[in-house]
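Colleague: Structure provided below as structure tokens; questions to follow.
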Amino acid sequence: MSAAQCGVCGTAVRSAFRAPQPEIAPDLDMRPGEPARSTLRDWVLVCPNCGAAAPDLAAVPPSARPVVESDEYRMLSTSVLEETLPFRRWALILAGSRDRAGQAEALLQAAWAADDAAAMAEAARLRTEVATLWDGTDDVELGLRRLDVLRRAGLFEAAEAWATVLTERGADELGRSIIGFQRVRIAARDIGRHLISSALPPPAYAPHVSHGKRATTGFWSRLLRK
């Protein structure tokens with residue numbers, strides 16, 4: 001089988017990495033549990049020739065070349081934390097294609113990398129960028145994840161205001177449990193990591209069939225894993 005090729009420059013590159021299935025509950029921002037959690041550094045690959053970055057370099061379109069060759073992209077290597085660099089590069093490529101959703105996910109992964117490097121100030125800056133990209137979302141999952149992102153960035157007033165918005169939208173029982181847990185942590189000025197399982201009432205149970213929107217169902221099914 002032929003090697004994968006970078007979509008920007010055609011150089012032979014590694015195939016996309018497939019993380020193992022998590023066996024432990026995710027964090028409240030949906031960072032997966034172990035063993036997937038520890039493979040974060042492998043999620044985004046970097047082309048050894050042109051420096052393009054993506055989970056799957058073969059899928060990066062040639063139209064990304066101007067971004068990869070831009071001064072802004074090149075300067076990332078000297079202006080951001082090394083552990084976050086692949087994710088910041090990928091986020092910039094996604095921004096160039098106006099993929100705000102993908103850009104936010106890449107920046108959140110960069111924040112996770114900053115967490116692992118104990119670079120709390122950088123992690124907070126990245127989470128602030130993510131919160132801005134997710135501002136005003138009406139998606140159930142993103143709304144709850146944004147609440148965690150705001151709290152962990154230390155933006156406690158904004159987090160409390162967002163918790164009020166989510167509550168007024170009429171969250172279901174599990175959503176209310178997460179919002180209530182977050183409000184206690186916000187009041188305590190807690191910026192730490194917490195598992196979703198710590199926010200759910202015991203015993204955790206599946207939501208009623210009436211909560212059947214595709215996005216919501218997928219979200220709760222992930223919440224209620226181990």
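Colleague: Given only helices, namely DSSP H runs of n ≥ 4 each adding -39500 (n - 2.57), what is the per-residue ellipticity at 222 nm of the chain, to the nearest 500 deg cm²/dmol?
Modeller: Working: 9 runs with 107 residues, N = 226.
After summing the helix terms and dividing by the residues of the chain, the value is -14500 deg cm²/dmol.
Colleague: Report D for the chain in µm² per second (integer): Stokes-Einstein, Kirkwood Rh on Cα pairs, 20 °C, 1.002 mPa s.
Modeller: 115 µm²/s
Colleague: Separate question: How much net charge surrounds GLY175 when only the other residues with a Cβ under 11 Å from the Cβ of GLY175 are counted, with Lys and Arg +1 and Asp and Glu -1? Numbers along the way, then the final one.
Modeller: Numbers: positive: ARG169, ARG176; negative: GLU141, ASP172, GLU173.
That sum, taken over residues with Cβ under 11 Å, equals -1.
Colleague: Further, regarding this structure: Could you list log10 I(q)/I(0) for the range 1-128 at q = 0.17, 0.20 Å⁻¹, which the Debye formula gives when each Cα is one point scatterer?
Modeller: Normalising to I(0) and taking log10 leaves -0.89, -1.18.
Colleague: Pick from GLU141, GLU157, GLU122: which is most flexible by mean-square fluctuation in a GNM of the chain where alpha carbon atoms under 10 Å apart are linked?
Modeller: GLU157
Colleague: Counting pairs of Cα atoms in the range 30-84, how many percent are more than 14 Å apart? Intermediate results must be reported in sequence, preceding the final value.
Modeller: Values: 929 of 1485 pairs.
Summing the P(r) tail past 14 Å for the range 30-84 gives 63 percent.
Colleague: Under a point-charge model restricted to the Cβ atoms of Lys and Arg (+1) and Asp and Glu (-1), what is the dipole moment magnitude of the chain relative to its Cα centre, in debye to the nearest 20? It would help to have the intermediate numbers written out before the result.
Modeller: On the way: 28 positive and 28 negative charges, 67 e Å.
Around 320 debye, computed over the chain.
Colleague: Answer with one residue from TRP112, THR11, ALA123: the one whose Cα lies farthest towards the positive end of the charge dipole of the range 11-164, charges on Cβ with Lys, Arg +1 and Asp, Glu -1.
Modeller: THR11
Colleague: Using a Gaussian network model of the chain with C-alpha springs under 10 Å, which one of MET75, MET120, MET30 is most mobile by mean-square fluctuation?
Modeller: Maximum fluctuation in the GNM of the chain, among the listed residues, is at MET75.
Colleague: Based on a Kirkwood Rh over C-alpha pairs, give the Stokes-Einstein translational diffusion coefficient of the range 1-72 at 4 °C and viscosity 1.567 mPa s in µm²/s.
Modeller: Reported coefficient: 96 µm²/s.
Colleague: Å³ per residue of the Cα convex hull, for the range 119-207?
Modeller: Numbers: hull volume 7.8 nm³, N = 89.
For the range 119-207, the hull spanned by Cα atoms encloses 88 Å³ per residue.
Read the figures in this text as sums done on the coordinates, not as results from a lab. If you're wondering where the values come from, they're calculated on a predicted model, not measured in any experiment. Glycine also receives a Cβ, built like all others from the backbone with ideal geometry; neighbour counts cover every protein chain displayed.
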